Amino acid sequence: MHELSIAESLMSLIVENARKSGARSVIKVSIVVGNLSGIVGDSLKFCFDEAKRSTVAKDAELVVDEVSATAYCVKCETQFAVDQYVFNCPDCGEVVIPSGGQELYLKDMEVE
Amino acid sequence: MSRTIKIEKSILEKNDVVAVRLRKMFSGRKLAVINIMSSPGAGKTTLLVETLKRLAPRIYIGVIEGDIATDHDAKKVEQAGAAWVVQINTGGRCHLEASMVEKAFNGAPDGLDLLIIENVGNLVCPSGFDLGEGHRVMLGALTEGLDKPKKYPGMFRACGYLVINKTDLASVLNIDVSDYEKEALAVNPDLKIFKTSATSGDGMDEWLGWLESLVIKGE
Ligand SMILES: Nc1nc2c(ncn2[C@@H]2O[C@H](COP(=O)(O)OP(=O)(O)OP(=O)(O)O)[C@@H](O)[C@H]2O)c(=O)[nH]1
Ligand SMILES: [Mg+2]
Ligand SMILES: [Zn+2]
C-alpha cells in the first residue's frame, strides 16, 4: 500500500522533470532507496509498473539502488553495513547507532 | 539519441513542499499543531476524547481525523467538545498527506488554539509524510508488546514525543512500563515520554500540561 503512494509521488516527479527537459519518453529511472527507509524495492517496482501506464514513462525501466546504513565502532575502529537502527558491534558487542539508510530519492533518468 | 538527466531530488519532495507551506501558515496563525500516529487501536481516539473532555471548556481545539473509511472517530471527537472536526477518508491510503490536510484545513474557523491530527492507524507509512505539524507524537500501547520500537524504528525516530498508553494493563500483561521506555529510548534517545491510561485517566495531567504549554507558546 505504501509503495503505491511512493510510486505515485515518484511518477509525478518524473513527469514534471521530463516536461522540463522536453523529453519525448523516459527510458530508465534510477532511484536510491535506503535499507532503513521502510520501502521494499521489489514491491516499489511492481507499483511503478502500475503507475507508469499511459504516462511519458510508460516504457521506462526502474533501477533501484539499495544502499545500507552504516555503523562505526569506536572501540574497534571499523565500519559495518547494517540493517538495523540499534546494533551491537559483531567483534566487541559495543552498542552503536547507525547512520544513513533512510535515503529515498530520484537520482537520474535517461530520456529521449 | 538518449541522454541522462541528473535529478537528485527526494521522492517525497511534493509532499514536503506542501508541508512547508502549511507549517508557515500554522505559525503565522500561532496555531499549535500535533500529528498523532500509532498502530490501529492503540488508543488515539480515546486519548483524544479524554483530552477534549478536559481541555475543550478552556481551549478552542480543532481535530482532523484521518481514517481509511467510516466517520466513527470524528463523531466521538465532536461529541467530546471539539470546536471543529473534519474527517478525511483516505480511500484506502494508509497515511495522511500534506495536500489532504491543506484541503481539509480550508474550512477551519478562525481562532483555533490547537489542531490535533489523528493519522491513519499504521506504524510504517505515516512517518514519511510531513503534514506541516509542529510536533509528531507516537502513541504506543503496552498491549502491543515490547518489540515495537525495534520493529518500527522509522516511526519511533520520526517522532519527538511518545505516549505509552494502556498503562492500566501493565500488571495483566506482566509488562513493566519502564521496560517499554527503555526499548523506545534505545531506538530514539531524544524521545520525550508520557505514560497514560486513557481509560482510567492516569498520567493525563502531564500530557494535558504539555498541550497547554504548546497553546501558550502558539507552536
Ligand atoms: N485498557 C485500556 N484500553 C484502552 C485505553 N485506551 C484505549 N483503549 C481501548 O482500545 C480500543 C481502541 O481504542 P481507539 O481509541 O479506538 O484506538 P485508535 O488508535 O483510535 O484506533 P484506530 O483509529 O482504529 O487506529 C478501544 O476499545 C478503547 O477503549 C487504555 O488506556 N486502557
Ligand atoms: Mg481512532
Ligand atoms: Zn567493536
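Observations on the model:
- Using a Förster distance of 51 Å, the FRET efficiency for residue A:108-residue B:103 (Cβ separation, nearest 0.05): 0.95
- Among B:43, B:92, B:66: highest mean-square fluctuation, GNM of chain B, C-alpha pairs under 10 Å: B:92
- P(r) weight above 29 Å for the protein assembly as shown, C-alpha pairs, percent: 45 percent
- What you get for chain B, charging only the Cβ of Lys and Arg (+1) and of Asp and Glu (-1), is a dipole of about 720 debye around the Cα centre.
- Estimated inter-spin distance, residue B:79 and residue A:92, nm [label 7 Å along Cα→Cβ]: 6.0 nm
- Intensity falloff of the stretch B:97-219 expressed as log10 I(q)/I(0), Debye formula with alpha-carbon point scatterers, at q = 0.10, 0.16, 0.17 Å⁻¹: -0.34, -0.85, -0.95
- Crossing angle, helix A:41-51 versus chain A [Cα axis fit, 0-90 degrees, rounded to tens]: 20 degrees
- Peptide B:10-23 is shielded by partner chain Cβ atoms: per residue, an average of 3 of them sit within 10 Å of its Cβ.
- Taking label points 7 Å from Cα along the Cα-to-Cβ direction, residue B:70 and residue B:150 give a separation of 3.4 nm.
- Separation between Cα centres of the stretch A:67-96 and the stretch B:54-69, rounded to whole Å: 43 Å
- Across the accessible surface of the stretch B:2-217, with the other protein chains kept in place and a 1.4 Å probe, carbon and sulfur atoms take up 50 percent.
- Among the cysteines of chain B, those whose beta-carbon sits 4.7 Å or more from every other cysteine beta-carbon are B:159.
- Inter-chain shielding of A:33-41 (mean C-beta neighbours from other protein chains, 10 Å cut-off): 2
- Selected from A:66, A:50, A:77 as most flexible by GNM, with chain A as the system and alpha-carbon contacts under 10 Å: A:77
- Taken along its three principal axes, the alpha carbon spread of chain A comes to 55, 27, 16 Å, from the longest extent down to the shortest.
- Cα gyration tensor category, rounded, prolate or oblate, for the stretch B:47-103 with a/c compared to 1.5: prolate
- Between residue B:172 and residue B:190, the contour length at 0.36 nm per residue exceeds the Cα-Cα span by 3.6 nm.
- With the alpha-carbon atoms of chain B aligned to their principal axes, the span from lowest to highest coordinate is 69, 40, 34 Å, starting with the largest.
The values are calculated or read from the model by the stated rules, or taken from the named source; none is laboratory data. Keep in mind the model is a prediction, meaning the values are calculated, not measured. FYI the Cβ positions are ideal-geometry reconstructions off the backbone, even for glycines, and counts take in every protein chain you see. Surface accessibility is based on the protein's heavy atoms, side chains included, excluding ligands, DNA and RNA. Shrake-Rupley method; radii C 1.70, N 1.55, O 1.52, S 1.80 Å.
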